[in-house]
Amino acid sequence: MTTLSTNPTRAELLERKVQITTEIRALRNKLEKPGAVITQAESEKADDLIAERERIDVALEKRQTPSPGYNREIRIGQEERTYRGDEAVTGEPSFFRDLALSQVFRDPAATERLARHQHEMTVDGRPGTQQQRAIGTSAVVGLVPPAYLAEQYA
């Protein structure tokens, strides 16, 4: 576990936040296994990690000094896709899991991620995003699976 200096830089705060998130994810993964039991010490550690992450978030917010027109400007950049092929490793949302949660359990968060994915596919505009990948989602009209799924299926 890395400790922060008395006056850490933004980079140090971000690095520690990544470490904390990794530790929390490891504890969650342990709990997801059948018959998993978490000890009192692990529970307290998780609480401490979450509290530390919240303190880091507050410190990061204090360090942000946006320009006066920042919120009025449009910035275009490269964001990660909603669904990627490495969700098993990263713990990110799964397309199939969200599809089931949205359709069967009416989960609003899963529905929102699917809508965001659809918007990404519409806005993307690259060849092969909509028509060429419209495979295997006849249960949900207009839903296009992520590119990595089409590549794995082919």
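Derivation of every value follows stated rules applied to the coordinates shown; laboratory data play no part. This structure is a prediction, so every number in the text was calculated from the model and none was measured. All Cβ positions, even for glycine, are placed from backbone atoms using ideal geometry, and neighbour counts span all protein chains on display.
General observations
- Distance between the pseudo-spin-label points of ALA51 and ASN29 (7 Å out from Cα toward the beta carbon): 2.6 nm.
- Calculated FRET efficiency, ARG84 to THR6, Cβ-Cβ distance, R0 = 41 Å: about 0.60 to the nearest 0.05.
- Positive minus negative residues near GLU61 (Lys, Arg vs Asp, Glu; Cβ under 14 Å): +4
- Using a Förster distance of 22 Å, the FRET efficiency for GLU61-THR22 (Cβ separation, nearest 0.05): 0.50
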